[in-house]
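Visitor: Next up is a structure, given as structure tokens.
The numbers here are math on the coordinates, done by the rules we state, and not lab data. Note that the structure is predicted; figures quoted are calculated from it, not measured. Virtual Cβ from ideal backbone geometry, glycine too; neighbours counted across all protein chains shown.
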Amino acid sequence: MAHAAGLTAKPLQAELRDLVGRLLGIGKVRDDLAMSRTVEAGLPVAAVGSLLKHGIPESFVFAAILPKRTYQRRRELKEPLTPDESDRTERVARALALATVIFDDEERSVRWLASPKPEFGDRAPLELLRTKIGTDIVERALLRAYYGFAA
């Protein structure tokens, strides 16, 4: 584990925000409100490409975020993602960022996200990221690991 238990949430929040900005290819984000505005306005389509470059499987991206043809068309026309597509993209980046902070290894984090887990009903955490409640479940499990609580 990369961090000791007992750290305050604020440094974790700042670290995650910076990492999410990097994973989405949008750079530093000042605060959560700024991220919310960016997502509402539509992330650049390159944010999806960035997730792919960071190892998130194409099969998941093109099933859960947006269809491959839509992605290709948006890339050609340099159109941003819709707010809904942006929200799904940000959720995946946030989960990958949190896993990366915990495991201190991006490849290991992607493997963890893509592998079925008994605590998730033998579903992969990535599958749960399709919904807000599923994302909350994955984030709580990751935070328990970060703070050293048993699952």
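Visitor: With unit charges on the beta carbon (Lys/Arg positive, Asp/Glu negative), name the residue among T82, L52, T70 whose Cα is farthest towards the positive pole of the charge dipole of the stretch 24-136.
Guide: T70
Visitor: What FRET efficiency, computed as 1/(1 + (r/R0)^6) with R0 = 25 Å and r the Cβ-Cβ distance, is obtained for R69 and D105, rounded to the nearest 0.05?
Guide: Efficiency at R0 = 25 Å is approximately 0.15.
Visitor: With +1 on each Lys and Arg Cβ and -1 on each Asp and Glu Cβ, and nothing else charged, work out how big the dipole of the stretch 7-61 is about its Cα centre, in Debye to the nearest 20.
Guide: Once rounded to the nearest 20, the dipole reads 160 debye.
Visitor: Hey, which lysines would be in cross-link range of K68, C-alpha to C-alpha under 29 Å, not counting anything within fewer than 8 residues on its own chain?
Guide: Counting by Cα, and skipping residues close in sequence, K68 has these lysines nearby: K28, K53, K78, K117, K132.
Visitor: Placing +1 at every Lys and Arg Cβ and -1 at every Asp and Glu Cβ, with all other atoms neutral, what dipole size does the chain have around its Cα centre, in debye to the nearest 20?
Guide: 280
Visitor: Multiply the residue separation of D84 and E119 by 0.36 nm, subtract the distance between their alpha-carbon atoms, and state the gained length in nm to one decimal.
Guide: 9.8 nm
Visitor: Another question, if that's okay. Which of the helices in the chain meet the span-like rule: DSSP H, Cα axial reach of 18 Å or more, Kyte-Doolittle mean at least -0.5?
Guide: Span-like helices here: 9-24, 83-103, 132-147.
Visitor: Can you list which of the trypsin sites (Lys or Arg not before Pro) found in the stretch 56-134 are DSSP loop residues with at most 14 other C-beta atoms within 10 Å?
Guide: Answer by residue number: K78.
Visitor: List S50, S109 from most exposed to least, where exposure is judged by having the fewest other Cβ atoms within 10 Å.
Guide: S50, S109
Visitor: Quick check: residue separation of R22 and L77 times 0.36 nm, minus the Cα distance between them. What number comes out in nm?
Guide: 17.5 nm
Visitor: Taking the simple approach of a point 7 Å from Cα along Cα-to-Cβ for both R144 and K132, what is their distance in nm?
Guide: It works out to 2.3 nm between the two label points.
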